[in-house]
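> Have a look at the structure that comes next, please.
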Amino acid sequence: MAMTQQQILQPYIGKWAWTLASGLFTIVLAVVAFYLPVIDWMPRGGLVGWLLFLAGMAELTFGWKRGLDVAGKAAVGAGLVTAAAGVLFIANPTAAYFPVANLVMAWLLLRGAWLLVMAFSGRAGRRVGAWLALSGAADVLLGVSLLAGLPIATAVNALFGPTREIVAQFALILAASFLVTGVSQVAIASLQRARSRAAD
């Protein structure tokens, strides 16, 4: 039985606001992550954990409220991975730099791979799939960048400890991931809004 246009567009109606809120919230977290090197009022491992946990819960909520279409399922999966990584840090807030960096690297690669699989699953629309692919590719590239920088960071850390430059580079990678995710969610929200208006 053929679906009506209203049924096809139903997952988008009234959902774009959740997507937009999640995107804007994640962009705020990107700003906080950027200033990670100068924040000294709590252990950095714990702060990274809370940033990941909050970003993951925002993405999980976005996916759930969206209605679990392809973009929604991608967000739920990515949100669960991100929140789980955050919980690990929250449970061990005083973790040293390298355990934190290694876990964030694993998170980036796993999350990026998941988003790319969902983007090219064939069920995502062309525009939504493009934004999912952008977010996934960014995370994979950032994970590879973090992996490539570990030998140098290890040598510097052995000589001087975790310098401000190493922490700043790590913070920039984390902030970039949040920023691309947030921008992608805002873009998807705009697509949702347009489709919602088309259904009115």
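> Here is a check on your reading of the model: is Ala137 of a type in the set (Gly, Ala, Ser), at pLDDT 90 or above and over 18 Å from Gly79 (Cβ atoms)? Even if it seems obvious, please write down each step before you answer.
Working: of a type in the set (Gly, Ala, Ser): yes; at pLDDT 90 or above: yes; over 18 Å from Gly79 (Cβ atoms): yes.
Yes.
> Next question, about the same structure. What is the one condition in (1) of a type outside the set (Val, Ile, Thr); (2) in a loop (DSSP other than H, G, I, E, B); (3) closer than 14 Å to Gly182 by Cα that Leu52 does not satisfy?
Every listed condition holds for Leu52 apart from (2).
> Which residues, counting only those in the stretch 147-184, are among the β-branched types (Val, Ile, Thr) and at pLDDT 55 or above?
Taking the stretch 147-184 first, the residues among the β-branched types (Val, Ile, Thr) are 152, 154, 156, 163, 166-167, 173, 180-181, 183.
Hits for the stretch 147-184 are Ile152, Thr154, Ile166, Val167, Ile173, Val180, Thr181, Val183.
> Go over the candidates Ala106, Ala78, Ala101 one by one and state the one that is at pLDDT 85 or above and open to solvent by less than 10 Å² (accessible area, probe 1.4 Å). Don't jump to the end; show me each part of the working.
On the way: Ala106 fails: open to solvent by less than 10 Å² (accessible area, probe 1.4 Å); Ala101 fails: at pLDDT 85 or above.
On inspection, the qualifying residue turns out to be Ala78.
> Tell me yes or no: at least one residue of the stretch 39-49 is β-branched (Val, Ile, Thr) and under 23 Å from Val186 (Cβ atoms). First the steps, then the outcome.
At the first step, the residues of the stretch 39-49 found to be β-branched (Val, Ile, Thr) are 39, 48.
Restricting the remaining residues to those that are under 23 Å from Val186 (Cβ atoms) gives none.
No.
> Let me ask something additional. Filter the stretch 4-41 down to the residues that are part of a loop (DSSP other than H, G, I, E, B), out of contact with any Leu (no Cβ under 7 Å at 6 or more places or on another chain) and either on the phi > 0 side of the Ramachandran plot or modelled with pLDDT of 70 or more (or both) and list them by number. Don't jump to the end; show me each part of the working.
From the stretch 4-41, those part of a loop (DSSP other than H, G, I, E, B) are 4, 13-15, 35, 39-41; that's our starting set.
Applying the additional criterion that residues be out of contact with any Leu (no Cβ under 7 Å at 6 or more places or on another chain) yields 4, 13-15, 35, 40-41.
Listed by number, the residues that qualify are Gly14, Lys15, Tyr35, Asp40.
> In the list Val38, Val70, which residue meets the criterion of being of a type outside the set (Lys, Arg) and over 21 Å from Leu134 (Cα atoms)? Spell out how you get there, then give the answer.
On the way: Val70 fails: over 21 Å from Leu134 (Cα atoms).
None of the other options fit; the residue is Val38.
> Considering only the stretch 84-101, I want to know if a residue exists there that is within 16 Å of the chain's Cα centre (by Cα), closer than 19 Å to Val180 by Cβ and among the β-branched types (Val, Ile, Thr).
Checked the stretch 84-101: no residue is within 16 Å of the chain's Cα centre (by Cα), closer than 19 Å to Val180 by Cβ and among the β-branched types (Val, Ile, Thr).
The values are calculated or read from the model by the stated rules, or taken from the named source; none is laboratory data. Nothing here was measured: the structure is a model prediction, and the numbers come from that model. No Cβ is skipped: glycine too gets one built from the backbone with ideal geometry, and neighbour counts run over all protein chains shown. Heads up: the accessible areas ignore ligands, DNA and RNA and are worked out on the full protein's heavy atoms, side chains in. Shrake-Rupley method; radii C 1.70, N 1.55, O 1.52, S 1.80 Å.
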